[in-house]
Structures are given as C-alpha cells and as structure tokens.
Amino acid sequence: MKDSNNSTKEKQSKLRNDIVTSSCPHDCGGRCVLNVHVHEGKIVRIESDNGEEPQIRACLRGRAYRQRVYAPDRLKFPLKRQGTRGDGRFKRISWHEALDIIASKLKRIKEKYGSSAILYIGYAGSIGCLLHNKRAVARLLNIFGGFTATWGSASAEGSHFSSKITYGTSYTGNSRDDLINSRLIILWGFNPAATIQTLNTNLNISKAKEKGAKIISVDPRFTDSAATFAHKWIPIKPGTDVAMLLAMAYVIINEHLLDQKFLDTYTIGFDRFKEYILGSEDGIIKTPEWAEAITGVAAINIEDLAREYANSKPAALKMGFAPGRTAYGEQAHRAAAVLAAMTGNIGIKGGNAAGHGWVPIGFIQRNGQFPGLPEGNNPIKEKIHISKLWDAVLKGRAGGYPADIKLLYVTNANPLNQFPNINKGVRAFNKLNFIVTHEQFMTATARYSDIVLPINTHLERNDIIRPWGFGAYYIYQKRVIDSLYESKSDLDICCELATRLGIDNYSDKSEDEWLRELFRLSEDISRDVSNYDTFREKGLHKIKVDKPIITFQRQIKDPENHPFPTPSGKIEIYSQQLANLNNPRLPPIPKYIKPWEGSNDTLANKYPLQLITTHFRSRTHSIFDNIKWLKQVEPHAIWINVADAKERGIKNGDSVLVFNDRGSLTIRVKVTERIMPSVVCIPEGAWFKPNKQGVDKGGSPNILFKDEHSPCGAFCSNTCLVQVAEHFQEE
C-alpha cells in the first residue's frame, strides 16, 4: 500500500487543541459518535454527540476509550514466544524478523500440507469499519491460495436463519422511533439498557412508555431494562421460550383472537402449524398448562400475555438474540414470527415482525456481503463452524473434517476466550504447528500464540463506520493521533507480508484512495452522502428521515406487486425449504424440541443449575476487560438466586467455584432475587486465566460450554448445566 502517513495539515492540527470526530468500530450494539479532544498530539478527553437530533450518544465504553489507547499493558512491539504455550513468556523481536517468520511458516505449511491447512479466524473486533478489519488478512490469504474459513455467528445465527426462512430476509425490523406508536412492547430476552441494541433504543422505549405503552419483560433475569421500563416481569427457564410462544399461539387460536384475514392473505402453511398446536400431529395439545411444566411460567401468566398481545394491536414483540443462543433456539425465533403474523402486527406502525430486526438503512448487504475491502475468491469452499473448531484441529480429516489444520492465523478475535469449551481449545492450540495473532493486548489467544503482532487502535487510523444493526447516519472515523509504539494496522501488515510471499497485486492504493474507492462502491453511502471530501472533513453525516421506517409496509399494502422475498412470495409459516431437508431437528414449522442440558435433562441431577451468559455493560465481548475505569462500574460476578445460595451456604460477595465436566472457574457471587431459582448468570468476555490446576481465575464462562451448535448453527451459550460449590477459598 502507498504511504499512509498523516498529511502536513493533519500533523499540524495535532499541535493545537483540537476536537476530532470518530467512533467505535466494535460489535457493541452502538457505533456512536466520539468527539475526541486532542492537545499537543495526545488524547485528553472524549465526549459524544451534542449536535442535531437524533443524537448518537456514546456509552461508557466509548467514553473510556482513552484508557484503552494509553493502557499500560498495551502491546508495543512484535513478540515471539519463548516458553511453552500459555505461560506468557515472550521476547521482543523486530518487525522484519516477525514478518519473515510468518511468511516462512505460511509458505512451508502451504507447500507441505496445502492451503486448507491454514485456518483463519477473523471475527468482530473491528467489524464496523469498511477498510481496517478482518478482510485485510482474508484478502491476502485468498491471493496466496486460499484458507480454511469458519462460519457461524456467536450473536445471532438463530435469529438470522429464522428470518431468512420465514421472511426471506434479515431486514425485518421497524426503525426504533416507531416504538412510540406501539400500545404494547414485549422485551423477550432483550436488554437494551445494558447493550444499547442500536441507536436510541432506550430513548424510544422511554418515549413509548411516557405515551402510555405497556411494557413486559420475558427473561430469566430481572434485567436493567425490566427494572427501568417494564410494568411486568415474567421469568422463564432458559431454552424453553418456544414452548411458551406455542402455548400463547394456542390461546390465540382457541379464543379466536387471531387475524385470519392477515393469515389468509400474507402467509402460507398456518393450517399445518395449527394442527401441531392442537395436537393432531403428536397427540400433545400445546396448552399453557403443558408449557408451564416446561418453562416454569404459570399458565395464567401465559394466557394473560397471549390475550394482551392479541388485543393490544399495534404491538411490538421484540425478540432479542439471546433466546436463539440455545440448543434449538431457531425454533423460538420462528415461533415469535408466527405470533406476529397471527396478530397482524407485521408491516404496520407500532407493530413488529419479531424477526432478526435489521432495518434497510445505514447497514445494507449486497449479495450477502457488506461493502468493504475486496477479499477476492477463496478456492477452498468447505468451512468449519466456530463451535467445532477444536474438534476439527484435534481430529482433522480422519475425524470427518475438511482439513488437517496446521497453522492458525487470528485477527479481530479472541477465540480461545470466546468460543466454547476453552479447555479443549487449549488442547487444540497445543497441537498446531504455528499460531500468529494480531492484537492490542495479551489476551488468552495471544498468550497461546507463537508470534503476536501489535495492532493500532481505530483512533490511530482513518476509516468509514457504518451503524450497528441500522441507523440513519455514517461516520468518517478520523485518525486522532499517530500510531503509538510500533503498532501497525492489519492492512499495513498484510502489505508487508504480501511482498515476502511474492504477491505483487495485494494493494496499489493508499489508505485514502482505498476509502474513496469503498465510498464509491457502497451504494447506500455514495447515494446518501453527496461528497467524499466534505464527509471526510465534517466526520458525521446524518440522513434526514421524516418518518419511521416500517419494514414490509409495501408487501402488506400491495402484495400483488410486492411479494415477500421467499420462494412462495409469502410469509412462510410452513417452509418447503426445510421440509426438503427432511431433518427432524429442523422441522418445516416451528416446534418445541427438548434441549440438551436443560432443566429436565438427567444431567441436572449432577449439575442442577442452568447457566446463562449475558452481555456486560462494561465490556464488548472480551474487549475492555482490562480497563480499570470500567471494572469499577460493575464487578464481574455470578448471579445466583437467594434460595439457591442459601441451599449452598453461599453469601453475597463470597468467592465460589463454578464447574461441570468440561471445566471450572472461580468468581465472586452476587446473591439476588433478580434471577429465577435454578438459574445462574455469568457475563461473557472475562479473560481466561487458568492456574496450575487448570481452574480459570478470570471467570470466563466459555470454559463451561459444550462445543456444539444448534441445527441451524446457533451458538449455544445459554444451554449449559453447572454446579456452584459453597465457600470456595482463594489460593
């Protein structure tokens, strides 16, 4: 790539007091405005948007980003492992030596084992950027001959799959400002008070409540959203959401509360679903009493919610991604969409399709891809699900996997911390010939790597940022300061590696030339923003939207000329695509399938507590876990119900051991009535730090997860049985 140093004008500006517009590129639910105050080339303060409405206000993580940029444990130069993997012993080496080693290993592995032996894990660390993200390495490896790739979203594979099957698209949501038109809002596994979940979600829920909307939270925990917004909390056992939704469907059918005209006009297959609900298929009528035994929700509460949803049109059933992160989580999302159709709440003001929830503005895919650095074509087509990576490495082709993995390349990710069954992951890492990681801190993945390369932060480079989920704005993420220490961008590293690999067509553009090209290729940005140079100078472009965006409004108003993007052109309650698979684990209509490691599993006799994992207000996955400011906001702790704690002799603040057959961790305990009995919760993202006995002292719940995905590929972080030991003493 051409020289991407700051221009003279940019350098001179850093000598003055300056305010530079930027953003966060992480997979946080926001991607908000950061107004970064710079004095003599150093960040001194970070504020957020205070301009015209709607304001794009940053959360505490973005406002604390200065602490991350200048963190004392930030990686400063390339490192080479000295001791055994995981013991943290590294020595400083030059960039020249580091890149020579990596290039040599790539060449040798490719020559000896083929390109499929190279596994690349690039994930969501800088997913909001158009240029500086995981695509840089994917592009390099594709030109080099290809690599084994991964598939599966840890966040929302269940929701995404279900919306594609039912509606033909993941763009199923109304814009958040439409919530003010709702009479009823059901927050089902949805906690935007802690996780943002797209620009101004909380603000618009507040406005809806002020206008008179009733808000109900369905969740195993009394979340911050329930405490702030909800008129009623309905606790439910993890992994049983579909049973409750089916029982609600029974009430709506049995009491003739459904919108039959809507079903006849816009859907296909409702009769098959109705037969299942009424027990014609399996002899089980899906009554509230049936669901009570499964979900722990009283039948009367299921009946009341069903009636209220059916009679409160327009109503918004807001399904979070959490119900889909279970053993058969895709069924819950499909059932929720059927309820939305049964009540005619799709394509209208104040309603909601209960789908994946993207809105077609500010976040548009083309051919299944978001605009960004061109990756090229990977000749190796077979991919490995993120939940099966460790088995793929350990067993290889002999175990039925598509490759014998020898080399692992990691960027924008921390898989040894964030993917399931960490102890098996350690065994897999130790089998690999070579591991290289691009990182900013010594994470668990970096600690087990052979070469670690220091990456600059997004405040040390230019880029263009898209909203998370959707939003009527774009941000030119300006370089705020020069790259600290010896850090480089992923793209700059790949340019230098390309030369060593004999690749001469990797990049012929400077950073600014790439951004101009990506601006031009992004149909929505180039359409909404008239001038690149003005956009780069201003930093923030807000799109004028006069009224809420109602997804599927055209399909509902004019179905003849605007069919749904499904094979039938209608909302597919019965999916012929799934019927053709003939897979009982993916039935053509949404069904209740008993999950593994649920409360009724025989394993519950040994491990009686259901573990759920939630997003944490002071972390974005494993990002920010080392920032002291944010650690003070809310301590990392396991939530346990008062009754469960009493049974085990546990007191609030005790250090406890949480364990199952896959691993164990120590963590402080929070004894609370805000979680239902027999359920415990550990926030995701804490850094894995095993002691000599293999007990994780960092408190990463992923050490406890089964490395298995749902039939559609959903990440099952809310399907896990554990035990909590009383009065565990620290070493």
Meets criteria (without any contact (Cβ under 8 Å) to a residue 60 or more places away in the chain and basic (Lys, Arg)) for residue 461: no
Matching option when the condition is surrounded by fewer than 19 Cβ atoms within 10 Å (Cβ to Cβ), in contact with a strand residue (DSSP E or B) (Cβ under 7 Å, 6 or more places away or on another chain) and among the charged types (D, E, K, R), among 292, 281, 308, 275: 308
Set 259, 177: member being more than 27 Å from residue 300 (Cβ to Cβ), surrounded by fewer than 24 Cβ atoms within 10 Å (Cβ to Cβ), among the acidic types (Asp, Glu) and touching a residue at least 60 places away in the same chain (Cβ under 8 Å): 177
Those residues of region 339-356 which are aliphatic (A, V, I, L, M), under 13 Å from residue 182 (Cα atoms) and in contact with a strand residue (DSSP E or B) (Cβ under 8 Å, 6 or more places away or on another chain), in sequence order: 346
Index of the failed condition, residue 257 passing every other in (1) touching a helix residue (DSSP H, G or I) at 6+ places or on another chain (Cβ under 6 Å); (2) part of a helix (DSSP H, G or I): (2)
Selection from region 554-567 of residues that are within 16 Å of residue 162 (Cβ to Cβ) and surrounded by fewer than 16 Cβ atoms within 10 Å (Cβ to Cβ): 565, 567
Residue in region 298-313 that is modelled with pLDDT of 95 or more, in the same structural domain as residue 204 (by TED's automatic domain parsing) and touching a Phe, Trp or Tyr at 6+ places or on another chain (Cβ under 7 Å) present: no
Scope region 295-305; condition crowded, with 18+ Cβ neighbours inside 10 Å and farther than 23 Å from residue 340 by Cβ; matching residues: 296
Of the criteria (1) touching a helix residue (DSSP H, G or I) at 6+ places or on another chain (Cβ under 8 Å); (2) part of a loop (DSSP other than H, G, I, E, B); (3) of a type outside the set (Asp, Glu), which one residue 171 fails: (1)
Candidate set from region 382-426 (those that are part of a helix (DSSP H, G or I) and basic (Lys, Arg)); member that is nearest to residue 708 (Cα to Cα): 388
Residue within region 377-392 that is more than 25 Å from residue 692 (Cβ to Cβ), in contact (Cβ under 8 Å) with a residue 24 or more places away in the chain, more than 19 Å from the chain's Cα centre (by Cα) and crowded, with 24+ Cβ neighbours inside 10 Å present: no
In region 622-645, the residues that are within 19 Å of residue 221 (Cβ to Cβ) and not aromatic (Phe, Trp, Tyr): 633, 634, 635, 636, 637, 638, 640, 641, 642, 643, 644, 645
Complete set of residues in region 482-516 that are β-branched (Val, Ile, Thr), in contact with a helix residue (DSSP H, G or I) (Cβ under 8 Å, 6 or more places away or on another chain) and assigned to a helix (DSSP H, G or I): 493
Checklist (1) part of a helix (DSSP H, G or I); (2) basic (Lys, Arg); (3) in the same structural domain as residue 494 (by TED's automatic domain parsing) applied to residue 554, failing item: (3)
Residue satisfying all of: in region 231-252; small (Gly, Ala, Ser) and touching a residue at least 60 places away in the same chain (Cβ under 8 Å); surrounded by the fewest Cβ atoms within 10 Å (Cβ to Cβ) among these: 249
Qualifying residues in region 62-76 (those that are at pLDDT 85 or above and of a type in the set (D, E, K, R)) - the one farthest from residue 193 (Cα to Cα): 76
Which listed residue is closer than 20 Å to residue 332 by Cα, free of Cβ contacts under 8 Å to residues at least 60 places away in the same chain, surrounded by 22 or more Cβ atoms within 10 Å (Cβ to Cβ) and small (Gly, Ala, Ser), from 217, 225: 217
Residues (hydroxyl-bearing (Ser, Thr, Tyr) and modelled with pLDDT of 90 or more) located in region 105-131: 113, 115, 116, 120
Residue match in region 176-189 (condition: among the acidic types (Asp, Glu) and within 29 Å of residue 474 (Cα to Cα)): yes
Boolean, residue 460 is out of contact with any strand residue (DSSP E or B) (no Cβ under 6 Å at 6 or more places or on another chain), over 20 Å from residue 623 (Cβ atoms) and surrounded by fewer than 23 Cβ atoms within 10 Å (Cβ to Cβ): no
Filter result for residue 409 (surrounded by fewer than 21 Cβ atoms within 10 Å (Cβ to Cβ) and over 27 Å from residue 697 (Cβ atoms)): no
Among (1) out of contact with any strand residue (DSSP E or B) (no Cβ under 7 Å at 6 or more places or on another chain); (2) among the aromatic types (Phe, Trp, Tyr); (3) part of a strand (DSSP E or B) - the single one residue 592 does not satisfy: (3)
Enumerated helices (runs of 4 or more DSSP H) restricted to region 284-362, each holding at least 1 residues that are farther than 15 Å from residue 156 by Cα, touching a residue at least 24 places away in the same chain (Cβ under 8 Å) and touching a Gly at 6+ places or on another chain (Cβ under 6 Å): 329-342
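The values are calculated or read from the model by the stated rules, or taken from the named source; none is laboratory data. Note that this is a predicted model, so its numbers are computed, not measured. Virtual Cβ from ideal backbone geometry, glycine too; neighbours counted across all protein chains shown.
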